[in-house]
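Participant: Got a structure for you, written out below as structure tokens; questions coming shortly.
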Amino acid sequence: MSDRPEATLLDYVRIARPDHWAKHVFIVPGIAVALLLRPVSLFDRIGPIVVGFIAAAAIASANYVLNEWLDAADDAHHPTKASRPAVATRMSPTIVFVEYVALLAVGLALAKWISTIFFGAAIAFVVSGWVYNIPPIRTKARPYLDVLSEALNSPIRLTLGWSMIDGATLPPGSLLLAFWMGGAYLMGVKRFAEVRTAEFENTTESLKLYRASFRHYTAQSLLLSSFLYAQMAAFFLAVFLIKYRIEY
């Protein structure tokens, strides 16, 4: 791998994945629900909303930096992820570490300014990245835990949105569970698609080298678990609607 080119500034930007910031759309429902359930004007909370999105983007990028750096050896076995900068170029561990710490510092400093609840959710966002990526826990390598731990980012983002509007309380527990199970459904279906694609392309062994959890999955087990997550998401969403806004 010594023939890899030196990483450029653009490569260090790419591992922060700014193109994935669109995932913060899951923050918007938290804002919307808080506005519905709390007597607060949207215009009074423009500042916290703008700063909150910047904080969330910085922390998410820090998690992506950690993800790409620790996944480099596994990503080398993936047909498309093998082209990621951490795999295809020689990156400086020092620069990667400084980038990670800088993004965390910016994100957490801004989160602290917004509210205690937002800051707590931001800390949870950081810890979820550690649990998902760092050995010996590294839940992304463990079947079903990989789905459930990655899906935790959905209720965390919901809480970030909620606390941009109401920084004194937490969102309803039923809604947090609905978002968690909804996120698990999306992650489960994504893995199901990866397994089926690998079967079609005869690359199942490469998929197992890329991610250890796939050694324990089958298309059927992933499909069944995804149906379970979908049913649980619908159940908890129904609990929320009945308890808070039956007219919805």
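Participant: Helix 93-114: angle to the longest alpha-carbon principal axis of the chain, degrees 0 to 90, nearest 10?
Facilitator: 0 degrees
Participant: Carbon-plus-sulfur fraction of the accessible area of the chain, 1.4 Å probe, in percent?
Facilitator: 70 percent
Participant: Put +1 on the Cβ of each Lys and Arg and -1 on the Cβ of each Asp and Glu in segment 186-244; which of Gln220, Thr203, Met187 then has its Cα farthest toward the positive end of the dipole?
Facilitator: Of the listed residues, the answer is Met187.
Participant: Charges only on Cβ, +1 for Lys and Arg, -1 for Asp and Glu: so what's the dipole of segment 20-97 about the Cα centre, in debye to the nearest 20?
Facilitator: The calculated dipole for segment 20-97 is roughly 160 debye.
Participant: Net charge within 14 Å of Arg84 by Cβ-Cβ distance, Lys/Arg positive one each and Asp/Glu negative one each, not counting Arg84 itself?
Facilitator: -1
Participant: Which far-off residues, 5 or more places away or on another chain, put their amide H under 5 Å from the one on Arg90, with H placed in the peptide plane?
Facilitator: Amide H to amide H, under 5 Å and 5 or more residues apart or across chains, Arg90 pairs with Glu6, Ala7.
Participant: Another one. Taking K and R as +1 and D and E as -1, what net charge do the other residues with C-beta under 15 Å from the C-beta of Gln220 add up to?
Facilitator: Once all neighbours under 15 Å are counted, the net charge is 0.
Participant: Can I ask one more? At 0.36 nm per residue, minus the direct Cα-Cα distance, what do Ala193 and Lys243 gain on full extension? Give it in nm, one decimal, please.
Facilitator: Gain on extension, Ala193 to Lys243, equals 14.5 nm.
Participant: Distance between the C-alpha centers of segment 1-48 and segment 102-126? Whole Å please.
Facilitator: Distance between centres, Cα-based: 13 Å.
Participant: Lys/Arg Cβ at +1, Asp/Glu Cβ at -1, dipole of segment 1-92 taken about the Cα centre: which of Ala32, Ala58, Ala16 is farthest positive-ward?
Facilitator: Selected residue: Ala32.
Participant: Sort segment 93-193 into rounded, prolate or oblate with this rule: let a ≥ b ≥ c be the square roots of the eigenvalues of the Cα gyration tensor; rounded if a/c is under 1.5, and if a/c is not under 1.5, prolate when a/b is larger than b/c, oblate otherwise.
Facilitator: oblate
Participant: With all protein chains present and a 1.4 Å probe, how do Leu103, Leu10, Leu152 order by accessible area, largest first?
Facilitator: Leu10, Leu152, Leu103
Participant: Under a Cβ-only charge scheme (Lys and Arg +1, Asp and Glu -1), can you give me the dipole magnitude of the chain about the Cα centre, in debye to the nearest 20?
Facilitator: Here the chain has a charge dipole of around 400 debye.
Participant: If one computes the Cα centroid of segment 60-81 and of segment 184-248, what distance in Å separates the two points?
Facilitator: Using only Cα atoms to place each centre, the spacing works out to 21 Å.
Participant: Suppose only helical runs count, i.e. DSSP H with n ≥ 4. What mean residue ellipticity at 222 nm does that imply for the chain under -39500 (n - 2.57) per run, divided by all residues and rounded to the nearest 500 deg cm²/dmol?
Facilitator: Roughly -23000 deg cm²/dmol at 222 nm, from the helical runs in the chain.
Participant: For helix 28-37, what angle does its Cα long axis make with the longest principal axis of the chain, in degrees from 0 to 90 and rounded to 10?
Facilitator: 10 degrees
Participant: Okay, next question. Evaluate the relative contact order of segment 2-122 (contact order divided by residue number), counting alpha-carbon pairs under 8 angstrom at least 6 apart; express in whole percent.
Facilitator: 37 percent
Participant: Then there's this: Assign one of three labels to the chain, namely rounded, prolate or oblate, based on the Cα gyration tensor with a ≥ b ≥ c the square roots of its eigenvalues; rounded applies when a/c is under 1.5, prolate when it is not and a/b is larger than b/c, and oblate otherwise.
Facilitator: In terms of gyration-tensor shape, oblate.
Participant: Helix 173-201 versus the longest principal axis of the chain: what is the Cα-based angle in degrees, 0 to 90, to the nearest 10?
Facilitator: The angle comes out at about 20 degrees.
Participant: Which distance in nm do the two modelled labels at Val98 and Lys23 give, with both placed 7 Å along the Cα-to-Cβ direction?
Facilitator: If labels sit at Val98 and Lys23, their model points lie 2.7 nm apart.
Participant: To continue, here is another question. Placing +1 at every Lys and Arg Cβ and -1 at every Asp and Glu Cβ, with all other atoms neutral, what dipole size does segment 135-248 have around its Cα centre, in debye to the nearest 20?
Facilitator: So the magnitude is around 220 debye.
Participant: Using only alpha carbon pairs under 8 Å that are at least six residues apart, calculate the relative contact order of the chain and give it in whole percent.
Facilitator: Rounded, it is 23 percent for the chain.
The values are calculated or read from the model by the stated rules, or taken from the named source; none is laboratory data. None of the values given here were measured: they were computed from a predicted structure. In this analysis, Cβ positions are derived from the backbone assuming ideal geometry, glycine residues included, and neighbour counts consider all displayed protein chains. Heads up: the accessible areas ignore ligands, DNA and RNA and are worked out on the full protein's heavy atoms, side chains in. Shrake-Rupley method; radii C 1.70, N 1.55, O 1.52, S 1.80 Å.
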